[in-house]
1. Looking at region A:571-585, which of its residues are small (Gly, Ala, Ser) and at pLDDT below 85?
2. Mind listing whichever residues of region B:230-250 are closer than 30 Å to B:LEU108 by Cβ and either surrounded by 15 or more Cβ atoms within 10 Å (Cβ to Cβ) or in contact with a Gly (Cβ under 8 Å, 6 or more places away or on another chain) (or both)?
3. Among the residues of region B:158-170, write down those that are open to solvent by 70 Å² or more (accessible area, probe 1.4 Å) and modelled with pLDDT of 90 or more.
4. Can you confirm whether B:LEU46 is within 22 Å of B:ALA308 (Cβ to Cβ), at pLDDT 90 or above, not in a helix (DSSP H, G or I) and not β-branched (Val, Ile, Thr)?
5. A:VAL419: touching a residue at least 24 places away in the same chain (Cβ under 8 Å) and away from chain B (no Cβ under 14 Å), yes or no?
6. For B:ALA398, indicate whether it is within 25 Å of the chain's Cα centre (by Cα), modelled with pLDDT under 90 and either more than 30 Å from A:SER508 (Cβ to Cβ) or surrounded by 19 or more Cβ atoms within 10 Å (Cβ to Cβ) (or both).
7. Restricting the search to region A:296-307, which residues are modelled with pLDDT of 90 or more and crowded, with 21+ Cβ neighbours inside 10 Å?
Number of protein chains: 2
Amino acid sequence: MRRYFPILDWGRSYSRDTLISDLLAALIVTIMLIPQSLAYALLAGLPPEIGLYASIAPLVIYAVFGTSRALAVGPVAVVSLMTAASVGQLAQQGTAEYLGAAIAMALLSGLMLLAMGVLRLGFIANFLSHPVISGFITASGLLIAAGQVPHLLGIRADGHNLVDTLIAIGRAMGSVNPVTMALALPTLAFLFWSRSRLKPFLKARGIRDLPATILSRSAPVLAVAATTAVTWGLGLTGHGVAIVGDVPRGLPMPTLPPLDPVLWSQIAIPALLISIVGYVETVSVASTLAAKRRQRIDPDQELIALGASNIGSAISGGFPVTGGFARSVVNFDAGAETPAAGAYTAVGMALATLFLTPLLFFLPKATLAATIIVAVLSLVDFDALRRTWAYDRADFAAMAATILVTLGVGVEAGIMAGVLLSLVLHLYRTSRPHVAIVGQVPGTEHFRNIDRHDVVTAPGVLSIRVDESLYFPNARFLEDTIYACVATNPALRHVVLMFPAVNAVDASALETLESVTARLRDAGVTLHLSEVKGPVMDRLKRSHFLDDLTGQVFLTHCDAMRALAPDVTASTLAADRRETARKGAKPRGLDAAAGL
Amino acid sequence: MRRYFPILDWGRSYSRDTLISDLLAALIVTIMLIPQSLAYALLAGLPPEIGLYASIAPLVIYAVFGTSRALAVGPVAVVSLMTAASVGQLAQQGTAEYLGAAIAMALLSGLMLLAMGVLRLGFIANFLSHPVISGFITASGLLIAAGQVPHLLGIRADGHNLVDTLIAIGRAMGSVNPVTMALALPTLAFLFWSRSRLKPFLKARGIRDLPATILSRSAPVLAVAATTAVTWGLGLTGHGVAIVGDVPRGLPMPTLPPLDPVLWSQIAIPALLISIVGYVETVSVASTLAAKRRQRIDPDQELIALGASNIGSAISGGFPVTGGFARSVVNFDAGAETPAAGAYTAVGMALATLFLTPLLFFLPKATLAATIIVAVLSLVDFDALRRTWAYDRADFAAMAATILVTLGVGVEAGIMAGVLLSLVLHLYRTSRPHVAIVGQVPGTEHFRNIDRHDVVTAPGVLSIRVDESLYFPNARFLEDTIYACVATNPALRHVVLMFPAVNAVDASALETLESVTARLRDAGVTLHLSEVKGPVMDRLKRSHFLDDLTGQVFLTHCDAMRALAPDVTASTLAADRRETARKGAKPRGLDAAAGL
């Protein structure tokens, strides 16, 4: 029970002090979340109240199921963009079908997350490498920012990718609305400034830390209030300033999301991508914050919590939610001690839904667009490209492909291209295991790579150390390597495979070893193994391999060499290490077996 | 030059003896190939002469580019089935569109293979694990055999998968043609018998080895001749026996395959699958045969040779070809010494095309069907299922999925399901690297797994040995493992990661190490590394990691322990190994970090 309901754990020791900490954190997060929830609904192409709805039920549900003490769940930028991109292909913005598809997306994504959690499939998130996620978030940030520019300019322009969007903006530049711009650009500047400078500014003026924090986090709310007041007071709607308009008042009612199988099959892949991207973001922020206080999260239970939250979002008429990075850090810094802080935030959002919505009528869309731009540009990290280039070219390729395809084609294509390329590159790398020809270090029982050490090799015996587990992606390479050595070394009588680092041998590699044994036998060469680990040996015993093996399995490599080349081994063992050391002769043909 | 034209290598030392060996092998292979080429054209749903055409130009081209001395290229069963399955979705059998699509398939597949060879992408074949290939071939064999049964019974019935086909056969059982059956079943029985028994039978009657071999390989030709004669002599076409009919006489003319982009995009994925399946079959048989004579093949050059052969097949009006398993073994056993044997086989096939085609008019299709069934049933290997089950459950799952999906849905879905499942299972496995908490073996400088050895650990220091390279699929697991240990061990001050088996650290793992460092620092724990390999260290130096590392990088793990826990290490070092050995205390929370 406590595994699936972590609330039973922390709830029992809930104290007055914890309550005060959680309430304060909830206050700050609520102030931050009100404009964000409206803005991300706008970004997802949905009516503003849907953003509010997605910020109530999911938070309460996460408080029951979540294992992170500080995660703040709700609408986030990247997932909102992904929702807009996939739902936009199925229906027109503003229609009931569009809203229904977004709600169905939350439900399906929630069910997928829940299923992955119950089946303990959290490892699927490992498919997304860091460079791919980083590239995807950077590209999404640029796409989102570009998509909000028309709101700042008071024009209509959109596109599925960056190029389309920029061209559409360029074409519409003739119809820029100067009043909207006059309102939007100072708002944008203020939000950028307040993001990093407002708190130091306030503290320099003698305001204490806590009020300064609350005030600086209130900057977006302040911008909302000020621009709404100006728009209402000066009657700017008459000058073409787009406003949010009527936002229905009251709490969300339980709704049944559309259960149309055709729709579900159309949104299945986007829902999976949204689930995985949202989950990866959640787990990385939650585990970062947990580690800071020496706490732990349970990644599989997080799948369940996030799944339940999304199902709750769908049933209360909301769209896909996940754990937001910036918001969770704010929650943590503000002192949230338990997931109850999220539930209190939900109460704050419910109050906003009940009492604030009439005040939002004159809120300019340009203000929300400015809020979004400031939030997402902090996600853009071009320096990561430089760092990745310096460190690893394959990772750089996956990252660059993700960015280019996301910007040039779209979010779904971008993330899929990144995942595929990184998998292919990963398989390419693992298809070339590290293997070394080894020789004996004079005066010792140690065997080392002949390319790096002064070692002695015995004629007629080839010792190959395999430094990785053997499985289908690398089985063929090992085979090629062995044949390369054998084909060019007619004096060869014995091959010894040294397995100190082989933790597993799968069925493909087993078959390869069997065929290597048979082919070497046909060529008059005996195959031996040495230093095979216990679990590997146990498994080999369940096959015919050991019966068919032409040679023996030696406990240590030195035993093998004593048996196969007793003279050379004994004299090398007796040799003075410094005096008689000579570089072992490299068998011909090794250069052909690249990678040795 | 010689890399791309291996003929320049072996051609220079071509002697009279080699010529005789090659000519003899070519004779035997030609006898075998005539009925096979007709039968596989039938299997692919193509006119019989297309099978002959595909057995001329590709063989000559392979002789120029191929690196295997014994590979016999031509139409093979599995690739013919795959061609039929994909082309059958685009056009009706017997139409010019169907033939055009099959030819385009050969061209596109050839271009893909050529491109992979030039780009040295042979490792792509590693995506296909042995259990998936084995399952696919078994299932294809069953599908092919079931598909030929209607020809034996003289009925019309087909389907895309085994269930469909069997149902269709069941429904058509009322219209079985008894004359066809009376002809087909004895032919089938004779072919089965001659496959294994004819050669011993002949040798027991005093016939020498070589003539006995040639005669036993001639059994299908004999069956073709006898059934053709009977059909003609008794006028069986009047009794409903289906015959091959008019086969155009003469050599294939160069043709331009259809270059329709819509068609090419429709056949792109099947062409890729055919390329990879054909390549895997080619490489495995070629390297098996090469190793028997201590020769080598060049897998990337084989891609080029196979690609050029398929392009040649397309231009001469043929369909996709590859290196056949059974045929290559026959070629090898018959003494083929160079790829020239293939060129001589091509001459034999050209002569057949010029002079034999009028004789094929009365050849019953049932005879060809019997030839196919005998050939493919030898590919069916159900015992592999049992062996794989005993050895490895994950491999068994991939194999069973391949068989079930191939039989139940079709060849393309089957192979894709197998590849996907084996990749997912592989990633799952590699996402859990082998790591061990280690302690000092008393009286030595050695450190071993605390779960398997009596070792001493120092309080406040946690030593973790990582037994695999670190990259994105397993980065998160390592992170979770470290946090699990730290969260439950408040006395901990130092974590030392021991990297003796880490051959690579990719950008994702680097980022994980960076965040582990930062989070441990926040928790008051210092992170150190020990025994980092040279190439890994070089790469780490290209990042900020070493600057941000809170601890040090130690050359040996013993150095690390001497620095971090000098008292414990010194006393353990001085201890008598047998006397004071005690089992190291297992840190709490390790059970939570499953897999340690």
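The values are calculated or read from the model by the stated rules, or taken from the named source; none is laboratory data. This one's a predicted model, so the numbers in the text were calculated from it and none came from an experiment. All Cβ positions, even for glycine, are placed from backbone atoms using ideal geometry, and neighbour counts span all protein chains on display. Only protein heavy atoms, including side chains, enter the accessible area calculation; ligands, DNA and RNA are left aside. Shrake-Rupley method; radii C 1.70, N 1.55, O 1.52, S 1.80 Å.
1. So the first thing to find is which residues in region A:571-585 are small (Gly, Ala, Ser), and the list is A:571, A:574-575, A:581, A:584-585.
Of everything in region A:571-585, those that are small (Gly, Ala, Ser) and at pLDDT below 85 turn out to be A:ALA574, A:ALA575, A:ALA581, A:GLY584, A:ALA585.
2. Selection gives B:VAL244, B:VAL247.
3. B:LEU166, B:ILE167
4. yes
5. So A:VAL419 fails the test.
6. Numbers: within 25 Å of the chain's Cα centre (by Cα): yes; modelled with pLDDT under 90: no; either more than 30 Å from A:SER508 (Cβ to Cβ) or surrounded by 19 or more Cβ atoms within 10 Å (Cβ to Cβ) (or both): yes.
So B:ALA398 does not fit the description; no.
7. Selection gives A:GLU302, A:LEU303, A:ILE304, A:ALA305, A:LEU306, A:GLY307.
Conditions tested, residue by residue: (1) closer than 30 Å to B:LEU385 by Cβ; (2) modelled with pLDDT under 85; (3) buried (at least 22 other Cβ atoms within 10 Å of the Cβ).
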position	(1), (2), (3)
A:THR488	no, yes, no
A:ASP506	yes, no, yes
A:ALA509	yes, no, yes
A:LEU520	yes, no, yes
A:PHE554	no, no, no
